[in-house]
Amino acid sequence: MNRIPSHLLVSGLVRAANACGGYAVLIKRGAEERGGIILICRENDRETHLLELTLDFNDKMLWLPHNSGNQGSTVDLDKYLAKRQAHDEDLWVVELSIADAQRFADELLELP
């Protein structure tokens with residue numbers, strides 16, 4: 001199965017969020033073709049959580065939530081991002097502010 005290049009997925013996500021009344025901002029640019037993608041989701045400027053793009057056993061892309069002990073803690077999120085970036089220099093990081101960010105991100109992956 002062919003995977004969508006990371007730069008196209010991130011570009012589409014940013015444009016779609018902005019078109020739907022939310023916003024998405026590129027925090028860190030990764031590798032054009034195969035870089036991993038993490039979304040920093042801020043819903044109504046109150047709740048913060050991370051979604052990370054991964055592949056399931058059938059090579060289908062899906063967003064997995066990062067569960068920390070204190071969800072929304074800036075310190076925990078910053079530590080996790082720093083750790084991921086240290087292990088994956090190709091990582092993309094995007095801040096997404098839109099209602100129901102998980103649903104929005106999931107629906108983006110289902111587009112033809």
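Structural remarks
- Under 18 Å from K60, Cα to Cα: aspartates and glutamates that are on another chain or at least 8 residues apart: E33, E52, D106, E107, E110
- Binning the alpha carbon pair distances of the chain at 10 angstrom intervals from zero yields the distribution 14, 50, 33, 4, expressed in whole percent.
- Take the Cα of R29, go 7 Å toward its beta carbon, and the backbone nitrogen atoms of the range 83-108 under 15 Å from that spot belong to 90-94.
- Extended-chain gain in nm, criterion 0.36 nm per residue less alpha-carbon gap, Q102 and D76: 7.4 nm
Bear in mind these aren't lab numbers, they're just calculated from the coordinates by the rules spelled out. Worth saying up front: this structure is predicted, and the values here are computed from it rather than measured. All Cβ positions, even for glycine, are placed from backbone atoms using ideal geometry, and neighbour counts span all protein chains on display.
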